Amino acid sequence: MADQDKSMQRPTLSGRFGVLALGAATLAILAASPGVLAAPLRVLQGLGFRPHAPDLGLLAAAPLVIQLHVAGAVTAFVIGAVLLAGVKGTGLHKALGWTWVLAMTLTAVSSLFIRTINPGHFSLIHLLSGWTLIALPMAIFAIKRRKVRQHARAMTGMFVGGLLIAGLFTFLPGRLMWHVFLG
């Protein structure tokens with residue numbers, strides 16, 4: 001009888017599948033109704049928004065420290081997304097995790113030498129770099145002590161704060177990534 005009850009249950013949209021389904025539905029609705037995006041696109045066009053193929057020549061012309069920073073951030077973003085979506089605790093997770101730690105360290109350390117926002121001085125964004133350089137060893141120490149929840153919280157926080165939120169700031173009008181992808 002228990003097997004019969006399970007087969008009669010209504011399927012739910014939970015976990016990763018639910019997020020993917022919601023994202024696909026949102027994209028489908030936006031694609032079907034282009035008028036919804038007209039006003040925001042006019043505002044972006046006023047800021048010089050012209051989507052185009054990435055102009056990698058701008059990155060190639062950037063100083064080496066910026067190139068290293070971008071390489072570390074992109075590597076950490078891709079590996080971090082794989083780690084967050086994948087099964088935890090496997091050999092692959094551990095190997096990719098150590099690679100992610102190295103990429104995050106490269107990103108944080110290289111950012112200390114990028115001072116274009118406040119020439120010659122640190123800016124508020126550098127607080128994220130300091131936080132990352134302190135939080136990375138703490139997260140590693142947490143997993144070594146088998147404090148999985150503390151480790152997961154710290155690593156996810158660094159991914160969201162140190163990569164996603166800080167990464168979004170690099171796409172502001174006038175910044176290098178804005179020009180590479182949008183300007």
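Taken together, Pro119, Pro40 contain a single residue that is over 18 Å from His179 (Cα atoms) and assigned by TED's automatic domain parsing to the domain that holds Val19, which is Pro40. Of the residues making up segment 103-138, those that are free of Cβ contacts under 8 Å to residues at least 12 places away in the same chain and assigned to a loop (DSSP other than H, G, I, E, B) are Arg115, Thr116, Ile117, Asn118, Pro119, Gly120, His121, Phe122, Ser123, Leu124.
Tell me the residue from Leu172, Leu128, Leu163 that is loosely packed, with under 13 Cβ neighbours inside 10 Å and modelled with pLDDT under 95, please. Please lay out each step first, then the result.
Values: Leu128 fails: loosely packed, with under 13 Cβ neighbours inside 10 Å; Leu163 fails: loosely packed, with under 13 Cβ neighbours inside 10 Å.
Only one candidate qualifies: Leu172.
Only residues that are under 19 Å from Leu102 (Cβ atoms) and in contact with a Leu (Cβ under 9 Å, 6 or more places away or on another chain) were counted in segment 162-183, giving 2.
Residue by residue, here is whether (1) modelled with pLDDT under 75; (2) surrounded by fewer than 15 Cβ atoms within 10 Å (Cβ to Cβ); (3) part of a helix (DSSP H, G or I) holds:
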position	(1), (2), (3)
Leu27	yes, yes, yes
Leu30	yes, yes, yes
Leu41	yes, yes, yes
Gln45	yes, yes, yes
Ala53	no, yes, no
Gly57	no, yes, yes
Gln67	no, yes, yes
Ile79	no, no, yes
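Among residues of segment 71-123 being among the polar types (S, T, N, Q) and more than 14 Å from the chain's Cα centre (by Cα), the one that is nearest to Val148 (Cα to Cα) is Thr90. Has segment 123-131 got any residue that is at positive phi and of a type outside the set (Ser, Thr, Tyr)? So far as segment 123-131 goes, no, none of its residues is at positive phi and of a type outside the set (Ser, Thr, Tyr).
The values are calculated or read from the model by the stated rules, or taken from the named source; none is laboratory data. Bear in mind that the values here come from a model prediction, so they are computed numbers and not experimental data. A quick note on method: Cβ atoms are made from the backbone with ideal geometry, for glycine too, and the neighbour counts reach across all protein chains shown.
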